[in-house]
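Quick notes on the structure that follows.
Any read-out appearing in this document is the output of simple, stated calculations on the displayed coordinates, not a laboratory observation. Computed from a predicted structure; not experimentally measured. Ideal geometry is used to build each Cβ from the backbone, glycine not excepted, and the neighbour counts take in all protein chains shown.
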Amino acid sequence: MKFKIAGAMFALALMFGTARAQTDDTTKKETHKNVRTMTGCLQKDGDEYQLLAKDGSTWEVKSDSIDFAKHVGHTITVTGAVQNATLHGAKEDTKAEAKEHGVGKNSTEHGHMTATNLKMVSGSCER
């Protein structure tokens, strides 16, 4: 009898956990998404390209198919895969929680992205 009760409780827990996971996936925070689209100013820092997004975030961008060099100093919209999206989301959650507690007030989102698409918005960057 104890095994039947334990089995039923396990089945209920499994059903609720699955339902919650599906809900969480459809309402995934922007910082947790695998694919992101960002607009901002493209700059070169050493050998790396950085997108300074309009929302204040910074992204190190790379691509095997996009020539970023001809877009340095331009406002662009880039779409791509966030590297280690799960870890990135957890890091940004921690930063947001710290900000709520008065620690790290000036910490903005920073990530790494492998770009798959680039659209030029403007031949210059807003300052």
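Structure above, values below:
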| item | result |
| --- | --- |
| Neighbour net charge for Val72 - beta-carbon separation under 11 angstrom, K R +1, D E -1 | 0 |
| Under 12 Å, Cβ to Cβ, from Thr58 - net charge with Lys/Arg +1 and Asp/Glu -1 | -4 |
